[in-house]
Structures are given as C-alpha cells and as structure tokens.
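What follows is a single structure, written as structure tokens, with notes after it.
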Amino acid sequence: MKIDPDRELVEACQVGEPTGLDGPFRQLYEQYKDRVYNVCYRIAGNPTDALDASQETFGILFRKIAEFRFESKFSSWVYRIAVNASIDLKRRTGTRWIASLEAHTDSGSGEHPRAEIRDEQTEAPMAAASRHELEAEIQCAIGRLSPKMRAITVLRYVESLSYDEIAEVLQISLGTVKSRLSRAHEALDRELTPVLDKFYLR
C-alpha cells in the first residue's frame, strides 16, 4: 500500500489527547470538514441532518482515531464513517431522502446549497428556468435511490472515487461495487429517460 498522505498528521493526533479541536486535531478537522459535510448533505438530504451527521462523524473519528492502524487509507475511513453516520441518522429519523447533488462547501452557513454551474446573467431566462427544472428532476430521481445505491452514487459521481476506493470505503468487493452502480444506473435510466425526452423535445 502506498504511504498514506495523512499518516503524519494522524499519528500526531494519536499521541495526543482528543480533548478539543487544538493542534493536529484542528488541522485534521479543517482538512476534512468540507468533504465530510458534502457527503453527509448529499446522503442525508438537508442541512440540519447533514450537520448532525457531520458532528457525529467527527465525534467518532476523534474518539477512535487512536485505534486506526492504516489498514486502509485514512480518507477511506473518514468517508466510511460519514456514509454510515448519514444513513443511520436517516433510518433513525425516518426523514425522506430528498437531497440534491449540488455542491456545498460552506458547512457553517446553514443556507441551502447551490451549484454555480454557469453565470446565469449570460443565460437566457427561459434556458435558466429549464435548466433548474431539469436539475430538480435529476435530484429527485437520485433521492429515490435506496440508501446503499445513493451512497455509492455519491462516492462515484460526486466525490469521484475509483471503484477500488469505493470498495475500500464501503468494505465491499469490487464486484459488489460494480453491481450496485449498475443497478443505480438502471434505476436512474428508468426515472430520467422520460424526463430527458421531455426536455430535449421542447
């Protein structure tokens, strides 16, 4: 296995007491807070649940970091905790899965995320309205995926993880990764084919 780029920082955290966000713990938090929040938001579905799942993720991370033995990449472990925390939270609360895949990096703003895909000042109003409508349809389709397929879709197409990295994060075989992604593709095709036909035939 290649040297983990986080190894030195993680080892610095392991020799200290996780009593607060100071020193190496602060650095680790700053390094991962946006990635963790983004994953939690896209799986959990709203800023409030995403914040709760993010806080739970870092709570687990700091309590158990001394147990981490670099048997996988540290980033994979962080993603795994974030995915599990988000899914567990949704199962506990029974909240609908309605999150979008829009980008969000300001985890402390409390505002709804928004992806700045293009400058709308240069985009015709009708085109902008159609684009937002299409994005909403796509987001709803993704939101109807099962938790497992939703998580694997987020890791692959939002976080851009490789199949091998996804297998490491979710602790499943490469074949299972491919199988779940294939089922996710089929589900999204069924949901989105009539939607895309409607938009492109306008």
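Every read-out reported here was derived from the displayed coordinates using simple, explicitly stated rules and does not represent laboratory data. No experiment lies behind these values; they were computed from the predicted model shown. Counting neighbours? That spans all protein chains shown, and the Cβs are built from the backbone with ideal geometry, glycine included.
Listing for the model above:
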| read-out | value |
| --- | --- |
| Residue pairs, from the table LYS33/LYS178; LYS33/LYS90; LYS33/LYS64, whose Cα atoms sit over 22 Å apart | LYS33/LYS178 |
| Computed E for LYS64/TYR157 - FRET, C-beta separation, R0 25 angstrom, nearest 0.05 | 0.30 |
| Prolate/oblate/rounded label for the stretch 1-99 (Cα gyration tensor, a/c 1.5) | prolate |
| Loop-resident sites, the stretch 36-94, for trypsin sites (Lys or Arg not before Pro), counting at most 16 other Cβ within 10 Å (DSSP) | ARG69 |
